[in-house]
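Working notes, structure below.
The values are calculated or read from the model by the stated rules, or taken from the named source; none is laboratory data. Keep in mind the model is a prediction, meaning the values are calculated, not measured. Note: ideal-geometry Cβ built from the backbone for every residue, glycine included; neighbour counts use all protein chains shown. For accessibility, only protein heavy atoms count, side chains too; no ligands or nucleic acids. Shrake-Rupley method; radii C 1.70, N 1.55, O 1.52, S 1.80 Å.
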Amino acid sequence: MPAPVRPQPRNRPRGRSRPAIRVRGLTKHYRSVTALDGIDLDVQSGEIVALLGPNGAGKTTTMEILEGHRRADSGEVQVLGIDPRNATPAWRNRIGIVLQGVADFGTLTVRQVIDLFGVYYTDPLSVDETLGLAGLTEEADRRLNTLAGGKRRRLEVALGIIGRPQLLFLDEPTTGFDPGVRRRFWSLIRTLRDQGTTILLTTHHLDEAEHLADRVAVINKGRMIAIDTPARLGGRRTGTTEVRWRTPDGPRTVRTRTPTALVRKLTTEFRGEVPELTVTRLTLEDIYLDMIGQRA
Ligand code: ATP
């Protein structure tokens with residue numbers, strides 16, 4: 001990826017005092033389906049927060065309400081200081097939205113599409129700055145219908161950042177990417193954060209949340225079940241080991257912070273070999289799957 005061009009930041013305090021997003025008690029129903037069941041969320045200016053959760057958890061609904069594209073049933077929402085239901089053109093100017101699937105401008109070039117979108121904003125980045133930031137300088141004259149998936153996604157991001165947004169919404173940014181493209185994309189997102197852009201993204205992938213986010217918000221069945229830094233997400237469960245073995249009555253599982261002592265006790269009890277013994281330290285993925293009730 002070419003070195004990113006660094007645009008002059010505009011109105012970008014890196015302070016952590018005023019939240020860019022403040023949500024309290026958000027609820028949303030689609031007929032009989034409870035999509036959101038009382039979500040609270042604060043995102044500070046300059047943070048990357050990942051909304052992580054399985055299919056149907058309520059991530060997209062939350063994003064759409066924050067973007068002003070969907071109405072909540074109840075709850076309080078402030079995004080850059082206003083309720084998105086009262087979105088003004090000035091507010092929209094400060095928000096960037098990266099949707100899944102770029103509109104099909106088939107035969108236009110990357111440069112032409114970026115140029116076209118820039119006119120919607122009062123103080124857009126130049127086309128060259130945008131190309132540089134999104135790592136698309138070499139693709140500037142390629143037609144959209146010849147771009148591979150990873151490059152198309154970069155173009156979608158380019159269109160989301162051209163207006164120098166203070167706050168960027170990214171819905172499942174790397175779905176369908178191969179690992180190398182994914183890593184380069186993560187580095188683009190971090191560059192934007194380092195320039196002061198606040199970023200809220202959704203993902204199904206724990207590793208993505210872990211690599212990218214300052215804080216991870218785990219949503220399941222319309223509820224926020226955990227929100228913390230990746231390192232602290234597991235809470236007390238981090239550092240726990242699971243010991244499994246077979247007793248005459250069937251399999252047994254115990255979670256412990258002192259597995260050596262337990263195995264020593266079992267060895268004594270069984271007078272040697274413990275049947276089908278496994279000792280496994282819980283990974284963050286185990287803990288996450290536990291949280292959302294999907295661990296085998
Ligand atoms: P995914 O990761 O699959 O995109 P998600 O976490 O983004 O899921 P949402 O799309 O917000 O979840 O959906 C939350 C719940 O609301 C799900 O049960 C979904 O089926 C339902 N839902 C979402 N949009 C609608 C709609 N327009 N009409 C009816 N039900 C909907």
Task: Breaking point among (1) without any contact (Cβ under 8 Å) to a residue 24 or more places away in the chain; (2) loosely packed, with under 12 Cβ neighbours inside 10 Å, for V263 - done: (2)
Open item on the list: When you scan region 56-76, do you find a residue that is more than 15 Å from I199 (Cα to Cα), among the hydrophobic types (A, V, I, L, M, F, W, C) and surrounded by fewer than 18 Cβ atoms within 10 Å (Cβ to Cβ), even just one?
Closed with: no
Task: Unique residue being over 27 Å from L284 (Cα atoms) and outside the structural domain of G68 (by TED's automatic domain parsing) when the list is T241, T175, T130 - done: T130
TODO: Go through the residues of region 205-226 one by one and say whether even a single one is among the small types (G, A, S), over 25 Å from I82 (Cα atoms) and not in a helix (DSSP H, G or I).
DONE: yes
- [ ] Test R92 against the stated conditions and say whether it is at pLDDT below 95 and more than 16 Å from the ligand (Cβ to nearest atom).
- [x] yes
Open item on the list: I'd like the full set of residues that are within 25 Å of the chain's Cα centre (by Cα) and more than 17 Å from I97 (Cβ to Cβ), limited to region 130-149.
Closed with: L131, G132, G135, L136, L147, A148, G149
Open item on the list: For a quick check of your reading of the model, give me the residue pairs whose first member lies in region 26-37 and is within 12 Å of E64 (Cβ to Cβ) and at pLDDT 95 or above, whose second is more than 9 Å from the ligand (Cβ to nearest atom) and open to solvent by 60 Å² or more (accessible area, probe 1.4 Å), with beta-carbon atoms closer than 6 Å and at least 6 apart or on different chains.
Closed with: K28/D73
- [ ] Go through region 101-140 residue by residue and tally those that are among the aliphatic types (A, V, I, L, M), part of a helix (DSSP H, G or I) and loosely packed, with under 15 Cβ neighbours inside 10 Å.
- [x] 1
- [ ] Output the residue which, of all residues in region 12-25 that are open to solvent by 30 Å² or more (accessible area, probe 1.4 Å) and either under 22 Å from G96 (Cβ atoms) or within 16 Å of the ligand (Cβ to nearest atom) (or both), is modelled with the highest pLDDT.
- [x] R22
Open item on the list: Whether any residue in region 40-59 is assigned to a strand (DSSP E or B), under 15 Å from the mean Cα position of the chain (by Cα) and within 9 Å of the ligand (Cβ to nearest atom) is what I want to check.
Closed with: yes
